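Okay, so here's the structure we're looking at.
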Amino acid sequence: MADKTFYFLTFLTLLFALLVVFSKNPVYSVLYLILTIFCLSGHYLLLNAQFLFAVNIIVYAGAIMVLFLFVIMFLNLREDAEPQKSTASKLAAVVAGGMLLVVMVAALRRVDAGSYNPATYNSQIGLVENLGKVFLGTFCCRLNWLRSCS
């Protein structure tokens, strides 16, 4: 069941990300970006990282995307007021994008992603309870924030 959910969320994430890039209307592009962030948050839930899920929804989809949408609507972009781009600038953008792709492929070529070992994997690492224990227990005791440390 988790595999099917993962592939479904991956499909939706890629679909909405492509719609962000290829959408002509910037307001629709921001709305598709919000849907992409929701799908990525679903991946955090599958990884059992509830804190990252909540932060992703509240901070990115809630606050930053509202600001993006506000700025785009405030600018009142119209196609007739936009200057036409020359062929040279379009060619320069394609060359710069291609060079960025080459640099990324070269940098990631020899990356060792590691492997999954079920014997040593801790599936409870991303829970909010465990994060709170680490932060309020070990970290605060080192800084002497709490009077009684266990």
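Values in this text are rule-based calculations from the coordinates and carry no lab data. This one's a predicted model, so the numbers in the text were calculated from it and none came from an experiment. Reconstructed Cβ throughout: ideal geometry from the backbone, glycine too, with neighbour counts over all protein chains shown.
Observations on the structure shown:
- For the chain, calculated [θ]222 nm from helices alone, where every DSSP H run of n ≥ 4 adds -39500 (n - 2.57): -19000 deg cm²/dmol
- Rg/Rh for the chain (Cα atoms only, Rh after Kirkwood) is 1.10.
- Residue 17-residue 116 FRET efficiency (beta carbon distance; Förster radius 22 Å; 0.05 resolution): 0.30
- For peptides 45-55, 96-106, sequence by mean Cβ density within 10 Å, most packed first: 45-55, 96-106
- Each residue, residue 88 and residue 63, gets one label point 7 Å from its Cα in the Cβ direction; the gap between the two is 4.4 nm.
- If only the Cβ of Lys and Arg carry +1 and only the Cβ of Asp and Glu carry -1, the dipole of segment 1-88 around its Cα centre is close to 60 debye.
- Projected label distance in nm at residue 70 and residue 129, using a 7 Å step from Cα toward the beta-carbon: 3.8 nm
- Length gained when the stretch residue 99-residue 25 is fully extended (0.36 nm per residue, less Cα-Cα span): 23.9 nm
- Here the chain is assigned +1 on the Cβ of each Lys and Arg and -1 on the Cβ of each Asp and Glu. Its dipole about the Cα centre then comes out at about 300 debye.
- Environment charge at residue 46 (Cβ cut-off 14 Å; Lys +1, Arg +1, Asp -1, Glu -1): 0
- From phi via Karplus (6.51, -1.76, 1.60), per-residue ³J(HN,Hα) for segment 18-27 in Hz, x at Gly/Pro: 5, 5, 4, 6, 9, 6, 6, 8, x, 5
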